[in-house]
Amino acid sequence: MTTMDTEVLVIGSGAGGATTARALAEAGLDVLVLEEGPWVEPGSVVPFSLGEMERAYRHHGSNAALGSPPIAYAEGRCVGGSTEVNSGLWARLPDALAAEWSRTYALEEFSPEALAGYAERIERWVPVNPLPGAPPPSSAILEQGASKLGWRSTEFPRAFTYDDRGRGTKQSMTRTLLPAAIEAGATVEADTTVRRLRLDRGHATGVAARRRRPDGTSEDVEVRAEEVFVCGGAIQTPALLQRSGLRKGIGAGLRMHPTIKIAARFPGPLDHDDVPMHRITEFSPQLAIGGSASRLGHVALALADSGAEHAAALADWEHVFVYYAAIRSDVGGRVIAVPGLRDPLVTYRLTDSDLSRLARGLVLLGEALLAAGAIELYPSVDGAAVVRRPEELVQWWDAVDRAHTNLMTVHLTSSIRMSQDRAKAGADSFGAIWDTHGLRVNDASLLADAPGVNPQAAIMTVALRNAEHFLATR
């Protein structure tokens with residue numbers, strides 16, 4: 001067994017963990033980052049490809065929250081976490097939500113003005129830019145559809161840099177914050193699974209872990225630390241805490257953006273290498289409309305979700321693109337670490353109102369796509385009609401039900417939450433776990449609710465805020 005000592009242990013290297021590691025390392029602390037997944041060299045796999053799913057996703061991208069209907073979800077599992085596999089779309093936490101969360105959860109130093117300062121610093125660390133030229137056709141479709149219907153839409157910037165030819169490079173954690181943390185003295189250990197936190201009379205003292213060697217063998221690792229930050233994401237963070245005996249306020253309140261899709265066929269070919277940057281914002285933040293990864297495999301899965309005959313559309317897949325409508329749900333779900341099982345049980349409950357909003361989102365998305373020139377729409381609802389004209393969309397209202405609707409998400413938050421009210425959350429305003437000294441959470445788990453936009457910017461903003469508070473009060 002190998003034993004390691006560090007001032008600060010950071011578990012997880014995604015948006016929250018990388019932000020924590022850089023902030024603390026640059027402040028002069030001895031920082032060790034443990035990451036369960038491998039180091040996947042940036043650019044070594046094709047984005048949104050099967051190869052990427054095999055190397056950089058948990059369970060190759062196949063996970064599900066049990067419910068009626070179930071919701072498929074994906075988690076990054078590599079150094080850099082989900083920032084390595086997501087689209088890089090960048091949206092700050094909306095001011096109205098920040099103010100609402102501050103009031104509801106009695107959060108200290110959580111005003112929109114305070115958060116804006118941290119967001120600006122994050123955006124100096126992670127370059128954020130709009131497209132340097134005209135949007136690709138798949139993105140312009142959303143703008144065109146919204147314009148014809150009189151709806152608001154916007155092009156979101158991304159955590160990308162662009163060269164003189166307009167070629168973009170995603171600024172994930174392995175290209176930005178983690179190299180900076182390492183330069184400041186931090187150490188990153190990949191392929192190391194934390195099994196349990198070490199707790200001694202209300203103090204976190206380290207972890208028990210298992211590290212996979214390059215030759216395929218493994219060894220036990222014991223890490224002793226003065227401070228522990230858990231940054232494994234909204235599923236793995238509460239599961240680890242529960243496995244370690246911490247359950248009060250841990251794992252309840254999970255939030256997602258339940259997402260329904262349409263595979264839309266157009267008269268001509270579209271681009272399929274990237275994700276659209278435009279979003280229809282007319283109904284935000286309760287309903288978001290945008291575009292998904294749409295390589296051949298994604299198109300095939302989306303067509304299959306409709307349950308309709310789709311051989312002709314699949315043969316014509318270069319003319320097909322996948323779009324979505326995503327909601328903020330009423331209730332949410334739970335993460336439960338079950339003794340004897342490697343993975344936690346994840347459940348999610350949708351209300352009848354949620355299903356109604358999903359049906360509305362599907363119809364509105366269909367309107368926008370038809371307005372933009374789509375000739376055929378395949379919804380992710382088994383047995384629902386394939387639509388070719390606006391007057392046919394009415395058939396979808398009753399088709400969206402618990403038995404036939406296929407949902408997914410890539411945004412997971414809120415499974416621990418922060419609050420100064422102990423009855424409402426498992427952590428205080430800055431992520432410190434109640435009644436456990438030296439233990440903090442600093443990732444998507446802390447967000448009070450799903451934000452209605454890509455949460456990466458919000459996660460990193462809150463993580464920097466919490467790290468700065470830790471430095472100021474330790």
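The values are calculated or read from the model by the stated rules, or taken from the named source; none is laboratory data. What you are looking at is a predicted structure, and each value in this text was computed from that prediction instead of being measured. Positions of Cβ are generated from backbone atoms using ideal geometry, with glycine treated the same way; all protein chains shown enter the neighbour counts.
Listed by first and then second residue, the pairs linking a residue in the stretch 341-363 that is small (Gly, Ala, Ser) to a residue that is part of a loop (DSSP other than H, G, I, E, B), with Cβ atoms under 6 Å apart and 6 or more places separating them unless they lie on different chains, are 353/330; 359/400.
Go through the residues of the stretch 369-386 one by one and say whether even a single one is polar (S, T, N, Q) and closer than 18 Å to residue 326 by Cβ.
yes
Tallying residues that are on the phi > 0 side of the Ramachandran plot and at pLDDT 95 or above within the stretch 295-321 yields 0. Considering only residues that are aliphatic (A, V, I, L, M) and more than 21 Å from residue 12 (Cα to Cα), which ones fall in the stretch 407-443? Once the filter is applied, which keeps residues that are aliphatic (A, V, I, L, M) and more than 21 Å from residue 12 (Cα to Cα), the stretch 407-443 yields 407, 408, 423, 425. Within the stretch 389-399, the only residue that satisfies the criterion of being farther than 14 Å from residue 364 by Cα and in contact with a strand residue (DSSP E or B) (Cβ under 9 Å, 6 or more places away or on another chain) is 399. Going residue by residue through the stretch 342-353, is there one that turns out to be part of a helix (DSSP H, G or I) and either over 30 Å from residue 76 (Cβ atoms) or of a type in the set (Lys, Arg) (or both)? Yes: one or more hits. Within the stretch 73-98, residues that are more than 17 Å from residue 171 (Cα to Cα) have Cβ atoms under 8 Å from residues that are among the β-branched types (Val, Ile, Thr) and assigned to a loop (DSSP other than H, G, I, E, B) in these pairs: 73/410; 74/85; 74/410; 93/453; 94/453, counting only partners at least 6 apart in sequence or on another chain.
Filtered by the rule that a residue be farther than 12 Å from residue 323 by Cα and either in contact with an Asp or Glu (Cβ under 9 Å, 6 or more places away or on another chain) or buried (at least 23 other Cβ atoms within 10 Å of the Cβ) (or both), the stretch 278-302 gives 295, 296.
Between 301, 377, the distinction of being assigned to a helix (DSSP H, G or I) and closer than 27 Å to residue 143 by Cα belongs to 301 only. The residues in the stretch 303-331 that are buried (at least 20 other Cβ atoms within 10 Å of the Cβ) and of a type outside the set (Ser, Thr, Tyr) can be counted, and the count is 12.
Does at least one position in the stretch 431-447 carry a residue that is in contact with an Asp or Glu (Cβ under 7 Å, 6 or more places away or on another chain) and without any contact (Cβ under 8 Å) to a residue 60 or more places away in the chain? No: the stretch 431-447 contains no residue that is in contact with an Asp or Glu (Cβ under 7 Å, 6 or more places away or on another chain) and without any contact (Cβ under 8 Å) to a residue 60 or more places away in the chain.
Where residues in the stretch 126-142 are in a loop (DSSP other than H, G, I, E, B) and either out of contact with any Gly (no Cβ under 8 Å at 6 or more places or on another chain) or charged (D, E, K, R) (or both), which of them is surrounded by the most Cβ atoms within 10 Å (Cβ to Cβ)?
The extreme case among them is 126.
Where helices (runs of 4 or more DSSP H) sit wholly within the stretch 1-111, those with at least 3 residues that are crowded, with 24+ Cβ neighbours inside 10 Å, modelled with pLDDT of 95 or more and among the small types (Gly, Ala, Ser) occupy 15-26. Test residue 443 against the criterion of being surrounded by fewer than 20 Cβ atoms within 10 Å (Cβ to Cβ) and of a type outside the set (Ser, Thr, Tyr), and give yes or no. No: the conditions fail for residue 443. Check whether at least one residue in the stretch 34-52 is under 24 Å from residue 240 (Cα atoms) and of a type in the set (Ser, Thr, Tyr), and report yes or no. No; the residues of the stretch 34-52 include none that is under 24 Å from residue 240 (Cα atoms) and of a type in the set (Ser, Thr, Tyr). Confirm whether residue 235 is in a strand (DSSP E or B) and either of a type outside the set (S, T, N, Q) or touching a Pro at 6+ places or on another chain (Cβ under 6 Å) (or both). No; evaluated as a whole, the condition is false for this residue.
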